[in-house]
Structures are given as structure tokens and as C-alpha cells.
Amino acid sequence: MAIIDVRHFAKSFSGKAIHKDVTFTVEEGECVGLVGGSGIGKSVVLRSLIGLEKSDSGEIWIDGQEISKLSERDLVEVRKKVAYVFQNGALFDSMSVYDNLAYPLREHTPLKEAQIRERIREQLDEFGLIEAIDKLPAQLSGGMQKRVGLARAMMIGPKVILYDEPTAGLDPYNTIKIQELVLRLKKKGVTSVFVTHDMPTALNVCDRFCLLANGRVMDEATVEEVKLNKGGKIEQFIAGEVGG
Amino acid sequence: MKSSRTEFLKTFGGFAILTKQVAVEMMRPPLYPRLVIDQMYQVGLQSLPLVFVTAGATGMVMALQFGLGLEKFGGKLYIPKIVSLSIVREMAPVFCSLMLAARVGAGITSEIGSMTVTQQIDAIRALGTSPIKKIVIPRVLACVIAIPLLTTAANFVGILGGLLVGKNDLGLDPVFYVQKVLQTVTIADFLSGFAKTPVFAFVIAINACYFGLTAKGGTQGVGNATTKSVVTSSITILVGDYFLSKFFWIFEQWL
């Protein structure tokens, strides 16, 4: 059964229809890349999967629950299962890395502060960020901020992670670091939706692609199909032969 | 014209919705008293110097102007009465609120606005928490508690400012000044000024939070939101002061 099931999703802003009929599914443990031209609304779809945007019509099913009409209060349980990695990390800039990572634990778990500290040290160790534990976000590089954002998103063990351009603007070293982390989480069975323009990374981490264009999913293809030149429009998009 | 009317209605509706959300969320756990205390430090203690300077200068200028004007008619002895009543009933609540709309309101809007445009508010939501609870309610409560207390302090400082000028420039006896103030200012006078301040405080906090949460378009958007917050709060305080004064005036007549 699909852990994410988007059916006929439509969304407009100021009367302009961005999405008219977006339909796709993501199976448990799968990593799906949402690709498409700039400004096509990939992030809007991603934000809708966690209720940060409300759809005009259509249904969004997450782990068997229809979430598109849920209130902010009811979305809390969904947001414990689905984590969102923001493009620029979106770390709380008045808090240290430690407090950023402690935030979801303090809110959603009964852990004592000593246990929280232990969990954070383990997480930062795994993400290669232990030296940043007491730093403020402003003292970190862009790549480190994104990795801390990913570490924070993982703190309460979500089933699904939504990545919004996780490698945008990063140097090759940090891009590879992010790729490694995404692949490591994938091995643990975490389901992912990956919005990106960084096609080499997408080809490394995704199992399947959905091409968004003209307000709908225009084409779908697995990574194997793309690599075997059977990717149709997606292959053309990756090759830069067509826009979104 | 139509777009500005739409914008006004949208903003007004936004305030109403935010106010409702604050009222509803305040009734539901969890509450964050620690965040309220942190904000009270920011809003209250850190604003004390500004409030003291504003109130002190207002009291001194009023004593000086009335002193110069009334001296010609031999009315210098009325200065303690006039200064204390004006300060307690009107000047301290309104001037303090205006200064705090600028200092506290601008601070809140720019802080929340920056969080909005850098997706930190979205991150609060994505992490399964409520920006209303974590951001708005602590600031609203801090303002509603701290601003009336600051105004009370401003009453004393303003009257003291008048005393300083009365003694040094107008030759009034300090003991006479204090006696006259105590004879003149009643609890009703104090309350008619004091009771306005929670309303002003709520206006400052809700405006500031609303404009911060709806900031768009990067740093320029944050700047615009901050300007709108201060202007809207200031106008609301000045216009609202008339209606609140009239309300308390009718209330006092009725009593």
C-alpha cells in the first residue's frame, strides 16, 4: 500500500492555477524525485504533503489518513510521521544547534534532559556535526546548516522525509555528504520525496521520478528506465531538451 | 481605491482571526510560561529606560509650560494638580503605549517577519508545534502584563519630573507639590488611565505579530511589515484613546 497517495490535487494562488490535477503515489521505503522546471510548483506539492499548504481540491493520503482537510491541531500527529527538510535548513537562529535538535524531542517525547543530550550527541556524531553542538546557526556554513536541518528532521524518527532542494547551492563536498545521509536513511527504510534540480544527485538517490508540468504529473519513470534511455519526457527533461 | 479597501478588510479580518486563534489556543495545553517570562524581560525590563525618559521628559515639559503660562495669572500653585492629573489620566498611558508600539512592536514584527521569510515559522509548524502558542501568545501575554506595569512606573516618573521642574525652575515647595498630588489624584483617576493600557498592549502585540507572520518578500518585506505595524498600532492607540476616554468618562459619571 502506498504511504503517500496524492489524488487530483489542485492549487491556485491569487486566481492563477498552479496545479490542476496532480496525482501520484509513493510506496513505503521508496524515494521519489519530483522534477520539473523552475516555478512549476514542486515545493507547493511538497509543502501540501505536510499540510503547510492547503489544497483547493483533491485528496492527500498519508499512511492511510486523508490530511488535506485536517486542522493544524490534527496535523500534529501527521507531522510526527512526516518530516520536512527545508531548502535553507530553516534552523531557529536564536537557538544553538543543540537546542534546535532538542526542540522536537522536548515537544513530542517524555525524555529527560540527560537522555535528550545523549540522543543529540549520537545524532550529531552520525551526521558528522558533533563539533557544531554549541554553535549558533549563523556560525555554520550553508552545507552544515542543511545537515543540521536534516538531523533535526530525523530526531523523532519519522516514516517519511520530504526534501526541498537539499543540495541547492552546495559545493561538491557537501552535496556528497547530503547524498550519503539520504542514502543512509533510505537504507533504514525511510520513505522520501525529493524535490531538486540537481539531477546527478537525484539519479543517485531516487528510485523513481515524477515530472510536473502544466499543473499535472506529465510522466513517470524509474531510474533504471531513465538510465536505459526509456525515460520518455523525464529523460528529455534531464537532458535539458525540454523545460518543465 | 478598491485595492486599498480590500487590503484594509484583509488586514482587519487577519487581526480578528489571529485574535480568535490566540483566545482558542490559550485555553489548550501546553502553555509555555518560560517563554512568557523571557518575553516579559524583553518587553518590560528592557523598555524601562525608554519609559522613564519619556515619562520624565513629559512631566518636566508639562510643568515648565504650565508654570510659564499660569505664572502670569498667579496660578502656579495649580501645577501639581494639572501635571499629576494629565500624567495619570492621559499622558503616561498614551505616550508610553506609543513609545512601546515603536520599540516593542517594531521589535516583535521584525523578529517574527525574519522568521517568516526564512521559513522558521514553517519549521515550527512542520515540527508539529503551533506558532500561535510558541510565538504569538507569549508576546501577547508579556505585553498585556508588562505594559500596564510600565505605565504605572511612568506615572511616578512623570510626576517626579514635574516635581523637579517645579522645585528648580518654578520655586515650588516639594512637600507642597507632593501633598497636592496626593490630594488630587484619586483611584478613579489612576484606573481611568491604567485600564486603557491592557487594551493598547493587546493592540500593539496583535498588530506586531500579525504583520510579522504575514511578512513577504525578504528583507524589504520585513521592513514594510515593521513600518505598517508601528503606524497601525500608533493610529489605533490615538483613535482608541478617544473612545476609551469617553467610555471611562461616561462610566465615571454613571458611578
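List, in the order given, every pair from A:Lys20/A:Lys187; A:Lys20/B:Lys216; A:Lys146/B:Lys133; A:Lys20/A:Lys177; A:Lys20/B:Lys10 whose Cα-Cα distance in the structure shown is over 30 Å.
Beyond 30 Å between Cα atoms: A:Lys20/A:Lys187; A:Lys20/A:Lys177.
What quantity of accessible surface, computed with a 1.4 Å probe and excluding non-protein components, is buried in total between chains B and A, in Å² to the nearest 100?
Interface area, both chains combined: 1700 Å², rounded to the nearest 100.
Taking chain B on its own, what percent of its Cα-Cα pair distances exceed 31 Å?
Of the Cα pairs, 33 percent sit more than 31 Å apart.
Over chain B, what is the mean sequence separation of C-alpha contacts under 8 Å (at least six apart), divided by residue count, expressed as relative contact order in percent?
Relative CO of chain B lands at 32 percent.
Give the shape of the range B:16-56 as rounded, prolate or oblate, defined through the alpha-carbon gyration tensor: a ≥ b ≥ c are the square roots of its eigenvalues, a/c under 1.5 means rounded, and otherwise the shape is prolate if a/b is larger than b/c and oblate if not.
The shape class here is oblate.
Which value, in Å² and to the nearest 10, is the accessible area of B:Leu191 when all protein chains are kept and the probe is 1.4 Å?
So the heavy atoms of B:Leu191 present about 90 Å² to solvent.
Give me the percent of accessible area attributable to carbon and sulfur for the range B:178-255, probe 1.4 angstrom.
72
Could you sort A:His8, A:His108 by accessible area so the largest value comes first, with the probe set to 1.4 Å?
A:His8, A:His108
Gaussian network model of chain B, Cα springs within a sub-10 Å range: biggest mean-square fluctuation belongs to which of B:Val231, B:Val88, B:Val24?
B:Val24
Could you look at chain A and say what percent of its accessible area is carbon and sulfur, using a 1.4 Å probe and all protein chains?
Carbon plus sulfur share of accessible area: 50 percent.
Would you look at the GNM of chain A, springs on alpha carbons closer than 10 Å, and say which of A:Ile60, A:Ile116, A:Ile161 moves the most?
Comparing A:Ile60, A:Ile116, A:Ile161 in the GNM, the peak value goes to A:Ile116.
Give the residues of the range B:199-218 whose amide nitrogen is closer than 11 Å to a point set 7 Å from the Cα of B:Val231 in the direction of its Cβ.
Of the residues in the range B:199-218, none has backbone N under 11 Å from the label point off B:Val231.
Tell me whether the protein assembly as shown comes out rounded, prolate or oblate; compute the Cα gyration tensor, take square roots of the eigenvalues as a ≥ b ≥ c, and use a/c under 1.5 as the rounded threshold.
It is prolate, given that a/c is not under 1.5 and a/b is the larger ratio.
Given the rule -39500 (n - 2.57) for each run of at least 4 DSSP H residues, summed and divided by the residues of chain B, what is its mean residue ellipticity at 222 nm, to the nearest 500 deg cm²/dmol?
Estimated from H runs of four or more residues: -26500 deg cm²/dmol.
Per DSSP H run of at least 4 residues, take -39500 (n - 2.57); add these up for chain A, divide by its residues and hand me the 222 nm value, nearest 500 deg cm²/dmol.
Mean residue ellipticity at 222 nm (helix-derived): -11000 deg cm²/dmol.
Output ³J(HN,Hα) for the range B:44-56: one whole-Hz value per residue in order, computed from phi by the Karplus curve 6.51 cos²θ - 1.76 cosθ + 1.60 with θ = phi - 60°, and x for Gly and Pro.
x, 4, 6, 8, 3, x, 4, 5, 5, 5, 4, 5, x
The values are calculated or read from the model by the stated rules, or taken from the named source; none is laboratory data. Bear in mind the structure is a predicted one, so any value in this text is a computation, not a measurement. Neighbour counts are summed over all protein chains in view; Cβ atoms, including those assigned to glycine, are modelled from backbone coordinates with ideal geometry. Please note that ligands, DNA and RNA were not included when accessible areas were found on the heavy atoms of the full protein model with its side chains. Shrake-Rupley method; radii C 1.70, N 1.55, O 1.52, S 1.80 Å.
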